1. Which number comes out as Rg/Rh for the range 3-82 once both Rg and the Kirkwood Rh are worked out on C-alpha atoms?
2. Would you mind putting 27-36, 65-74, 48-57 in packing order, based on average other-beta-carbon counts within 10 Å, highest first?
């Protein structure tokens, strides 16, 4: 549709918290991600850009002490490995 008018969509932005500590909320957010991936494909966009998230149960963006721990990193890796929408790469913080 957009490409017909020479207006390609380079990416879709999806500012969600993919590592939300509440499993039910996280599953709902991952469902939104799956819909967004389908929308990106339908619009011709090669990318969906999201955030890293936080373990803070009261905010999708506020810091949490677990965010920068080895256990938190390992948990993100497990969640990503079992997710049907897992990223192809995952960068570590320094």
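What follows is calculated from the coordinates using simple rules that are stated; it is not laboratory data. Every value quoted in this text rests on a predicted model; they were computed, and no experiment measured them. Using ideal geometry, Cβ is built from the backbone for each residue, glycine included, and neighbour counts are taken over all protein chains shown.
1. Here the Rg-to-Rh quotient is 1.07.
2. Output ranking for 27-36, 65-74, 48-57: 48-57, 27-36, 65-74.
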